[in-house]
Amino acid sequence: MKVTVVGTGYVGLVAAACFAEGGNHVICVDKDRVKIDGLKEGVIPIYESGLAEIVKHNQQAGRLQFTTELAEGVAHCLVVFLAVGTPSSADGSADISAVLGVAGRIAELMDGYRIIVTKSTVPVGTGHKVSELMKSKTEHPFDYVSNPEFLKEGSAVDDFIKPDRVIIGTTNPAVMEIMKQLYAPFMRKRSRLIFMDPVSAELTKYAANSMLATRISFMNEMSALCEKVGADIELVRTGIGSDSRIGSAFLFPGVGYGGSCFPKDVRALIHTGESYSCPMTIVEAVQSANFHQQDRFAQQIVDCFGGRLGQTTVAVWGLAFKARTDDTRESPAIRCIEKFLDAGIKVRAYDPEAMGGAKEHFGERIKTSQESYDILDGADALVVFTDWQEFRTPDFEQIARRLKRPVIFDGRNLYDPVYVKKLGIEYHSIGRSQCAMPAAVNSAVNSAT
Ligand SMILES: NC(=O)c1ccc[n+]([C@@H]2O[C@H](COP(=O)([O-])OP(=O)(O)OC[C@H]3O[C@@H](n4cnc5c(N)ncnc54)[C@H](O)[C@@H]3O)[C@@H](O)[C@H]2O)c1
């Protein structure tokens, strides 16, 4: 099938490459000339495991092309996906101007029937707005589909190729059939397509992200209570996650959620609720608990160096909002580092992939290094923000030796408190009491029974 994808970011580039991998002929359109020129030369603008390989392979096979010319994309395709950004507006609503701008332009360029599919996360009613706008600009027939994307940064290609589900928001059986064909290569064991009306599809995306954010904020609030009462959040997590009605996914406490989706989608759902006079009180609480968790973690570190903040330097491991991505958008690390800098604490930072975004944000205000252990030399503490694999079993002896005083603040609960303390390191983590059981105990007991 001939497909065009407009917007060549995390979602658009992955979707385009995967559709090409499925045998379709795909043109990617982006307004960013530097990005498109780079892609033509094989430069992948984002870090995403497995993406470079499928982009290259399909480019070489002639199934994947890049252009800045929307007209070229519209002339080429039957189905056009919109995967442009929908950032937060000042009032918290999703800014859909890029979606509407591109849809309007597609309508002007169309020379016959097209299927317009929104992959961007857009609020309820956007489909209606897109359709009305397009009708005002073209005589040609078209269909509109809401097809929100659920891939996760860090495993985007895998998620796209092996999706939990694909939501197709259309009520037209002929369009359903075309969408079925497009997704068929990713449904080989069984169909995971779920058909619904466009409005329900739009809301499903916000409900999914807000539900996941709710689990995180719930656990983070529990972690604060654990610290007060002397309980261990990791044991509580294991205890509740084993209940099949609850499940174990997305129960990890930490320094708060971030990234380009959860914060903005939670904000947008709150705004949608307000505009329909239907307050989203749970989601509002989720958002404030998330800020509170980030601020609580940063404040603990500021308080620790109370009287001598001007003479304090912290070494930071991890700037990305989570592991396996270079994305620092609304990363808790960024918010917390701002608080350190405000307090007069100097910051040195290392991240295996996300240094670019952090440099753009902080400029010369923090020092960065390409080497994780170098930044420890003479620093007052190590602060871990991201759960990168390479931080999980570090050389503690080197950490202790290179820091001025061996102190770790762990925003991801990566280490066993008993083990780390035995090494003489002062260890602060999230929601784990001082008398925490060694992590190995439960697995040892379970394997013995
Ligand atoms: N990143 C994720 O994990 C993820 C997951 C699911 C859904 N989403 C949603 O998908 C959408 C895209 O997210 P993303 O992370 O890929 O964004 P992104 O910022 O990485 O990419 C968006 C791309 O669109 C391009 N663009 C913007 N306006 C354009 C225009 N008028 N014409 C052509 N190109 C244009 C930009 O240059 C950019 O390359 C958002 O609505 C987001 O909420 C993102």
* Asked: Whole-Hz Karplus ³J(HN,Hα) for the range 260-271, in order, using 6.51 cos²θ - 1.76 cosθ + 1.60 and θ = phi - 60°, x for Gly and Pro?
  -> 8, 10, 3, x, 6, 6, 5, 4, 5, 5, 4, 5
* Considering every Cα-Cα pair within the range 1-78, what fraction, in whole percent, is farther apart than 17 Å? -> 34 percent
* Carbon and sulfur %, accessible surface of the chain computed with the full protein complex present, 1.4 Å -> 54 percent
* Report, in degrees rounded to the nearest 10, the 0 to 90 angle that the Cα long axis of helix 97-109 makes with the longest principal axis of the chain. => 20 degrees
* Asked: In percent, what relative contact order does the chain have, based on Cα pairs under 8 Å that are 6 or more apart in sequence?
  -> 12 percent
* Does the range 342-431 come out rounded, prolate or oblate by the C-alpha gyration tensor, with a ≥ b ≥ c the root eigenvalues, rounded set by a/c under 1.5 and, if not, prolate when a/b is larger than b/c and oblate if not? -> prolate
* Check I168: other-chain or 5+ apart residues with amide H under 5 Å from its amide H, H built from backbone geometry? -> I194, F195, M196
* Asked: When DSSP beta bridges are limited to those with both residues in the chain, what percentage is antiparallel, rounded to the nearest 5?
  -> 5 percent
* Structure fact -> Subtracting the Cα-Cα distance of K180 and R405 from 0.36 nm times their residue separation yields 75.0 nm
* **Principal axis box of the range 261-318, alpha-carbon based, largest edge first, Å** => 51, 22, 15
* Which value, in Å², gives the accessible area per residue of the chain when a 1.4 Å probe is used on the protein heavy atoms? -> 44 Å²
* Alpha-carbon gyration tensor eigenvalues x 5, square-rooted, for the chain, Å -> 43, 24, 21
* Given that compact globular proteins tend to follow 2.2 N^0.38 Å, what is the ratio of the alpha-carbon Rg of the range 95-211 to that value? -> 1.08
* Structure fact -> Accessible-area order for H128, H57, largest to smallest, probe 1.4 angstrom, reads H128, H57
* Structure fact -> A convex hull over the alpha carbons of the range 147-191 yields, per residue, a volume in Å³ of 67 Å³
* Asked: Which whole-angstrom value gives the distance between the alpha carbon centres of the range 195-241 and the range 136-178?
  -> 26 Å
* **Under 5 Å, built H, 5+ apart or other chain: amide partners of S88** => D95
* Taking a quarter of the surface of the convex hull around the Cα atoms of the range 217-345, what do you get in nm²? -> 10.0 nm²
* **Where chymotrypsin sites (Phe, Trp or Tyr not before Pro) fall in DSSP loop in the range 271-324, at most 14 other Cβ within 10 Å** => Y276
* To do: Please turn the phi angles of the range 117-126 into ³J(HN,Hα) values with the Karplus equation 6.51 cos²θ - 1.76 cosθ + 1.60 (θ = phi - 60°), one per residue in order, whole Hz, x for glycine and proline.
  => 10, 8, 9, 4, 7, 10, x, 3, x, 5
* Structure fact -> The answer for V117, listing residues at least 5 apart or on another chain whose modeled amide H is closer than 5 Å to its amide H, is V80, F81, L82, V145
* Around M110: net Lys/Arg minus Asp/Glu count, Cβ-Cβ under 14 Å -> 0
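The values are calculated or read from the model by the stated rules, or taken from the named source; none is laboratory data. Quick caveat: nothing in here was measured; it's all calculated off a predicted structure. Using ideal geometry, Cβ is built from the backbone for each residue, glycine included, and neighbour counts are taken over all protein chains shown. For accessibility, only protein heavy atoms count, side chains too; no ligands or nucleic acids. Shrake-Rupley method; radii C 1.70, N 1.55, O 1.52, S 1.80 Å.
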